[in-house]
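The values are calculated or read from the model by the stated rules, or taken from the named source; none is laboratory data. Since this is a predicted model, take the numbers as computed values, not measurements. Positions of Cβ are generated from backbone atoms using ideal geometry, with glycine treated the same way; all protein chains shown enter the neighbour counts. Heads up: the accessible areas ignore ligands, DNA and RNA and are worked out on the full protein's heavy atoms, side chains in. Shrake-Rupley method; radii C 1.70, N 1.55, O 1.52, S 1.80 Å.
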Protein chains: 4
Amino acid sequence: MIRLGILNVTGYAGAELARILHAHPQVKVIAATGRSGAGKALGQVFPHLAQWDITVAQEIADEVDVVFSALPHGASAQALVPFLESGVLVIDLSADFRLRDPQEYAQWYGGEHPAPHYLGQGVYGLPEIYRERLKGAHLVANPGCYPTGALLALAPALKEGLITPDIIVDAKSGVSGAGRTVDLRYHFSEVNESVSAYGLGGHRHLPEMVQEISALLVEGGRPRVTFVPHLVPMTRGILTTCYAPLRPGGLPSGEAGRRAVRDLYEQFYQGEPFVRICSEPPSTKHVQGSNMCLVYPTVDASGERLIVVSAIDNLVKGAAGQAVQNMNILLGLPETMGLEIPPLFP
Amino acid sequence: MIRLGILNVTGYAGAELARILHAHPQVKVIAATGRSGAGKALGQVFPHLAQWDITVAQEIADEVDVVFSALPHGASAQALVPFLESGVLVIDLSADFRLRDPQEYAQWYGGEHPAPHYLGQGVYGLPEIYRERLKGAHLVANPGCYPTGALLALAPALKEGLITPDIIVDAKSGVSGAGRTVDLRYHFSEVNESVSAYGLGGHRHLPEMVQEISALLVEGGRPRVTFVPHLVPMTRGILTTCYAPLRPGGLPSGEAGRRAVRDLYEQFYQGEPFVRICSEPPSTKHVQGSNMCLVYPTVDASGERLIVVSAIDNLVKGAAGQAVQNMNILLGLPETMGLEIPPLFP
Amino acid sequence: MIRLGILNVTGYAGAELARILHAHPQVKVIAATGRSGAGKALGQVFPHLAQWDITVAQEIADEVDVVFSALPHGASAQALVPFLESGVLVIDLSADFRLRDPQEYAQWYGGEHPAPHYLGQGVYGLPEIYRERLKGAHLVANPGCYPTGALLALAPALKEGLITPDIIVDAKSGVSGAGRTVDLRYHFSEVNESVSAYGLGGHRHLPEMVQEISALLVEGGRPRVTFVPHLVPMTRGILTTCYAPLRPGGLPSGEAGRRAVRDLYEQFYQGEPFVRICSEPPSTKHVQGSNMCLVYPTVDASGERLIVVSAIDNLVKGAAGQAVQNMNILLGLPETMGLEIPPLFP
Amino acid sequence: MIRLGILNVTGYAGAELARILHAHPQVKVIAATGRSGAGKALGQVFPHLAQWDITVAQEIADEVDVVFSALPHGASAQALVPFLESGVLVIDLSADFRLRDPQEYAQWYGGEHPAPHYLGQGVYGLPEIYRERLKGAHLVANPGCYPTGALLALAPALKEGLITPDIIVDAKSGVSGAGRTVDLRYHFSEVNESVSAYGLGGHRHLPEMVQEISALLVEGGRPRVTFVPHLVPMTRGILTTCYAPLRPGGLPSGEAGRRAVRDLYEQFYQGEPFVRICSEPPSTKHVQGSNMCLVYPTVDASGERLIVVSAIDNLVKGAAGQAVQNMNILLGLPETMGLEIPPLFP
């Protein structure tokens, strides 16, 4: 059995790691820390995990092969440095190793990067794009939930040069994306029966999207990306609607164009275990609790604009599930191991 | 007292008309028909209206001064012709008199228009734009819920020439927008905890938006409009997020540009009783049950794109409330009469 | 105009008072305090009240005729004493003047009563039971939300001696009943899609129910009351299901017995503007935003047990609406003034 | 591999069977029928099951070892007779083999039983009570969702003679309990933000409860059971609150009594893999998607009444999960095989 540690199991992403890893046949979580709740049984913090005999620890004392961090940014890099130095495989669910430019990091995350010398070593953990690089990696920067939804929706169009990079990402997220933070904004009575936009002045996932979209651009250059996240009254799920101008002349008109786009997407994701191209716009509920990403690409009525809708579970493909997928790749295990959980519906 | 009739009080828009008109001091609903439920007391169909002594009728038998129709398109125009011919003021909540081009109507609504000779007489009932024309009108085409949210968000930018008309309208609606139709798509277990896009192949509110955006364009021409509606797990409310390129050179950069846009919007809607410009992105819950439209205009991080977010209650400003506002205008009553209902929060 | 003050307008009950009083034709709120938010415009705290020009104050400086307190218990009585001493009419939405026994108060509310000498002066503000006493009152103890739902369900059966006082009250409340308190228990992601019981060791509304049920018992004695409140994933509303043994021999069997119980309830509440006996079990949504209480009494299959279901909006009939109803009584105004707001449905 | 068939996979219980059995290592579903949707891929009916290559069939043509029926009552028994006659193991999720008295069946299910000669062969599939009998069974009557929640809450108290059998069962169910039936009552806009009681005139799960409670009574006799189900605005989950008088003198008073009750419950369910006694009242969300039943027994403030709260997922322990648990028992497999799915939280 491969020995795992989880830093900060007491948030939603950490608990979701625990849920998924519990069913994984080749690994064993031997230590899990929590910012609050150290000393408690995990089942006291999360009754749904009560069957699992684990105590929340102050720190990871025993030797582990892989460590996951679900700590907040800043704290995460700091806590991970000793593991990196002793050769433990590291999968960081925080944003600390996602942006490759330390100045960008400082601008968006408010402070100098705690371990800039490791920035170059992190591999951005989107397996559908970076699988080969991930195979030999020691440090995985697990993508943000919004970038995961947006990049999986846009990657085929970008890599195949279907669109000009003038992109709008309009995302709708469930409330669990905000974490377990206690705040009036996430009070049931305030958020239920309500939709709102936020982060219009600049959300931290925007530079991450821009960095990764740039990397996918066939002709280089810097994309123009507008990103507006929205909070919707549900617990899990992100629906991402992306808009971009089609390059002129690239597609037949009408239904044939739509078919061509769909074929292109199906080819791009051929064989991917966790991406499925849909013939109808997807619902977030169809991926609830699973690592799947559903993608629906189409062309608008004018024939000039690509629209792509993707659906993920923000805590699974947008966080813990993708982290386990990355772990499987790092360890040379079958990529779907422990992740063949069907969605919970209805 | 002014005598009113309601055609099809047994849907959500009809019931909302009843709720609002009940509190209006100058009018009295003397007849209300229902497709189902004729002969029943209104309170049997809608227990929340039980205190109101009205029986659902087969037809409007008595003389009325104003008739509201909440019938489906097609049936609505047919039922309204006799009233139009006898000089009764007509406010049509269906789509029948919104599109001025009978061919567009036939294309989008599947069939010839039942009363094309009246098409030219309808005034599009968006008071913030067409108040003067509405004052002498006999036939009001009450706007669709999505167009109301989009047009109030875009009108100032269009009329002031702030943007080029290459517009994306990404709207998020509560389930009541689909009406009281019994369908698996609106089954609680299917739609709860789920967000999805629909109508990507072309929603009927798109030609209505295009027609009205065209009318607002300072330089004429035909706008390019992409419209994607989304279903979110709540009962009431539409949040509309609009995107359009700013004309180059029109605005100072950064915060000053945002401030300039807000000033322009505040000036445009100065004195409007039912539009408020917000300094924070609005929540649909802040207008629940009321006729208000909240509008938040801003500029994205690149400084090149306008983003406007608007929030309405789809059944009030998006349907019955706006219809009553139009009635007040037609009758020369104070525009806010009966509509000064504060939103229900939380 | 009658001059009103509101203590603590910045919680849900206070905001609901503001919403209702805004539409009342005979009163004017001239001062409203807030524990947080003093100095802010009310619309900054509650955007849905932005149209109302009022600033949250530190204290009520000007002379008022009536003061409402939506302060927490303890603080409420303390703040109200000066008003009581200067003869201002006082309506207290807190629990401070509900229990008539200071020892009970100390036991359940953890501390000596701040103004025990006023305990005898408070009238329990359930107009359907205590209307006559309320007419001359100076101090109204506005009932708790759970007791309101339970007492209106049980009063006819108790006063008419239909049941033996061995009562179970199983109540289901929306989350707004917990107030605007920021707490992990009310975090959207924790409470959505979940039902739970709480307060099984003894909820503060239990002694209030026992006191008032005792007062309604025709034969005296002390009732046995078991009360279990439940939290359900909705914002507003309390559904209360009450169970009690029917006195033997009191009723015909079968449908005739059910009919007799319903007749008894209809007679008891004859003419009450805010109680309606239903022929079907009510839904909380049918009273959303209104001061109505719907009551459905029936007999179980065995013929030996009375079941009564009641539905109220916890913030209206369960708090602010009932407080305004009490104010109308105190002031000799028509009892329904400002309260004829139809429920918001759907 | 053991070969399975599912009758009516296209409802919620059938789909849930598919979800659970998909992950079971020892069985393979080789045929699944659907009332609607025959000929379609399962993934067209339920996109969340798209990864599973199965076509909805008209009937089960191939040989199977076990058949599950998720057909409606009446149709279920009819369809199962041929399988029973050919010696296939049958697990019936419908009500057809639950009531042992054909007259009771006729009274509650409106019609003669289609296969009364098999009534005596069915074993009521509540493993915690009937495990030994299930071991040799050929026909399992899988319990109803409400009886499962109520019986697991009450069994220890009944079998140990702790209470007198004068029982109230107040249950709160998510909407999926009503199945995938399209009906205005389950329309999102009608049921969201609303709680209501139903079935007060007699719900079909009442005679099932009475039959099974009678069987558990130590002293025999017929219990008096009042059962009121409620619909709450969530998709999955049943919270059941049970009330019954404690036999006098059986327990120490106060906290010691509560402790004694909890000990008794813990002993009773010692070693049960799917029942856990909680020290806090449970939330339905803590069992979402899992086969667990959480039970919280306590004594009310008077010391005279037992209160027990249980939480299950109505589609898992209340239907498909319990059916798989029963299958494991019938087949001699480890009882938890395929069912060790942690709940989905949040």
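Filter the range D:156-189 down to residues that are assigned to a helix (DSSP H, G or I), more than 24 Å from residue D:94 (Cα to Cα) and open to solvent by less than 30 Å² (accessible area, probe 1.4 Å), then give me how many there are. Reasoning before the result, please.
Taking the range D:156-189 as the starting set, the residues that turn out to be assigned to a helix (DSSP H, G or I) are D:156-159, D:175-178, D:184-186, D:188-189.
Adding the requirement that they be more than 24 Å from residue D:94 (Cα to Cα) leaves D:156-159, D:188-189.
Retained after the next criterion (residues that are open to solvent by less than 30 Å² (accessible area, probe 1.4 Å)): D:156-158, D:188-189.
Total satisfying the criteria: 5.
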Filter the range D:135-159 down to residues that are at pLDDT below 95 and under 29 Å from residue C:166 (Cβ atoms), then give me how many there are.
-> 0
Filtered residue count, the range C:291-338, keeping only those that are surrounded by fewer than 23 Cβ atoms within 10 Å (Cβ to Cβ) and either of a type in the set (Phe, Trp, Tyr) or part of a loop (DSSP other than H, G, I, E, B) (or both) | 12
Could you list, in sequence order, the residues of the range B:1-35 that are polar (S, T, N, Q) and buried (at least 19 other Cβ atoms within 10 Å of the Cβ)?
-> B:8, B:10, B:33
Filtered residues of the range D:138-171 (kept if more than 18 Å from residue D:244 (Cβ to Cβ) and out of contact with any helix residue (DSSP H, G or I) (no Cβ under 6 Å at 6 or more places or on another chain)) | D:138, D:141, D:143
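In the range D:210-252, which residues are among the aromatic types (Phe, Trp, Tyr) and more than 8 Å from chain C (Cβ to nearest Cβ)?
Of the range D:210-252, the ones among the aromatic types (Phe, Trp, Tyr) are D:227, D:243.
Matches in the range D:210-252: D:227 only.
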Do you know which of the residues in the range C:299-324 that are within 11 Å of chain D (Cβ to nearest Cβ) and among the small types (Gly, Ala, Ser) is farthest from residue B:52 (Cα to Cα)?
-> C:302
Looking only at the range B:28-57, and only at residues there that are farther than 20 Å from residue B:79 by Cβ and either in contact with a helix residue (DSSP H, G or I) (Cβ under 7 Å, 6 or more places away or on another chain) or among the aliphatic types (A, V, I, L, M) (or both), the one that is modelled with the lowest pLDDT = B:52
Going by the conditions given, is residue C:262 open to solvent by 20 Å² or more (accessible area, probe 1.4 Å), closer than 21 Å to residue C:146 by Cβ, within 13 Å of chain D (Cβ to nearest Cβ) and more than 18 Å from the chain's Cα centre (by Cα)?
-> no
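Out of the residues in the range D:36-60 that are closer than 20 Å to residue A:295 by Cα and without any contact (Cβ under 8 Å) to a residue 24 or more places away in the chain, which is most open to solvent (accessible area, probe 1.4 Å)? Reasoning before the result, please.
First, pick out the residues of the range D:36-60 that are closer than 20 Å to residue A:295 by Cα: D:41-53.
Among the residues that remain, those that are also without any contact (Cβ under 8 Å) to a residue 24 or more places away in the chain are: D:41, D:43-44, D:47, D:50-51, D:53.
Working: D:41: 43, D:43: 21, D:44: 127, D:47: 38, D:50: 39, D:51: 101, D:53: 145 Å².
Within the range D:36-60, the match that is most open to solvent (accessible area, probe 1.4 Å) is D:53.
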Restricting the range C:270-281 to residues that are in contact with a helix residue (DSSP H, G or I) (Cβ under 7 Å, 6 or more places away or on another chain) and not aliphatic (A, V, I, L, M), the one most open to solvent (accessible area, probe 1.4 Å) turns out to be C:272
Just one of (1) assigned to a helix (DSSP H, G or I); (2) away from chain B (no Cβ under 14 Å) trips up residue D:143, so point out which.
-> (1)
Which members of the range D:153-190 meet the condition of being out of contact with any Pro (no Cβ under 9 Å at 6 or more places or on another chain) and farther than 21 Å from residue D:304 by Cα?
-> D:178, D:181, D:182, D:183, D:184, D:185, D:186
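Residue under question is residue B:329, and the condition is that it be within 30 Å of residue C:346 (Cβ to Cβ) and in contact (Cβ under 8 Å) with a residue 60 or more places away in the chain; does it hold?
Values: within 30 Å of residue C:346 (Cβ to Cβ): yes; in contact (Cβ under 8 Å) with a residue 60 or more places away in the chain: yes.
Spelling it out, residue B:329 is indeed within 30 Å of residue C:346 (Cβ to Cβ) and in contact (Cβ under 8 Å) with a residue 60 or more places away in the chain.
Of all the residues that make up the range D:266-290, how many are assigned to a loop (DSSP other than H, G, I, E, B), touching a residue at least 40 places away in the same chain (Cβ under 8 Å) and within 23 Å of residue D:233 (Cβ to Cβ)? Write out each step before concluding.
Taking the range D:266-290 first, the residues assigned to a loop (DSSP other than H, G, I, E, B) are D:269-274, D:278-282, D:288-290.
Then drop every residue that is not touching a residue at least 40 places away in the same chain (Cβ under 8 Å), which leaves D:269, D:272-274, D:282, D:288-290.
In the following step, the residues that additionally are within 23 Å of residue D:233 (Cβ to Cβ) were identified as D:282, D:288-290.
Within the range D:266-290, residues that are assigned to a loop (DSSP other than H, G, I, E, B), touching a residue at least 40 places away in the same chain (Cβ under 8 Å) and within 23 Å of residue D:233 (Cβ to Cβ) number 4.
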With the first residue restricted to the range B:171-184 and required to be of a type in the set (Lys, Arg), and the second required to be part of a loop (DSSP other than H, G, I, E, B) and surrounded by fewer than 24 Cβ atoms within 10 Å (Cβ to Cβ), Cβ contacts under 8 Å at 6 or more apart or on different chains are B:180/B:10; B:180/B:11
Output the number of the condition that residue A:340 fails; it satisfies all remaining conditions of (1) under 18 Å from residue A:128 (Cα atoms); (2) modelled with pLDDT of 95 or more.
-> (2)
May I ask you to list pairs of residues, at least six apart or on different chains, whose Cβ atoms are under 6 Å apart, with the first in the range A:224-242 being on the phi > 0 side of the Ramachandran plot and the second being among the polar types (S, T, N, Q)?
-> A:237/A:284
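Suppose the filter is open to solvent by 20 Å² or more (accessible area, probe 1.4 Å) and touching a Cys at 6+ places or on another chain (Cβ under 9 Å); does residue D:106 pass it?
In short, no.
Mind counting the residues in the range C:15-35 that are within 11 Å of chain B (Cβ to nearest Cβ) and touching a residue at least 40 places away in the same chain (Cβ under 8 Å)?
Our first condition is that a residue be within 11 Å of chain B (Cβ to nearest Cβ); within the range C:15-35, this holds for C:15-16, C:18-23, C:25.
With touching a residue at least 40 places away in the same chain (Cβ under 8 Å) added as a condition, the list becomes C:16, C:19-21, C:23, C:25.
Summing the residues that are within 11 Å of chain B (Cβ to nearest Cβ) and touching a residue at least 40 places away in the same chain (Cβ under 8 Å) in the range C:15-35 gives 6.
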For the range C:288-298, what are the residues that are farther than 19 Å from residue D:200 by Cβ and within 10 Å of chain D (Cβ to nearest Cβ)?
-> C:288
Out of all the residues in the range C:196-209, is one or more open to solvent by 30 Å² or more (accessible area, probe 1.4 Å), away from chain D (no Cβ under 11 Å) and part of a loop (DSSP other than H, G, I, E, B)?
-> yes
If you go through the range C:214-255, how many residues are modelled with pLDDT of 95 or more, of a type outside the set (D, E, K, R) and open to solvent by 40 Å² or more (accessible area, probe 1.4 Å)?
-> 1
Among the residues of the range D:234-255, is any within 18 Å of the chain's Cα centre (by Cα) and either among the acidic types (Asp, Glu) or part of a helix (DSSP H, G or I) (or both)?
-> no
Which of the residues that make up the range C:145-155 are small (Gly, Ala, Ser) and surrounded by 24 or more Cβ atoms within 10 Å (Cβ to Cβ)?
-> C:149, C:150, C:153
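Take the residues in the range A:41-70 that are part of a loop (DSSP other than H, G, I, E, B) and within 25 Å of the chain's Cα centre (by Cα), then tell me which one is nearest to residue A:31 (Cα to Cα).
Per the stated criteria, the residue is A:60.
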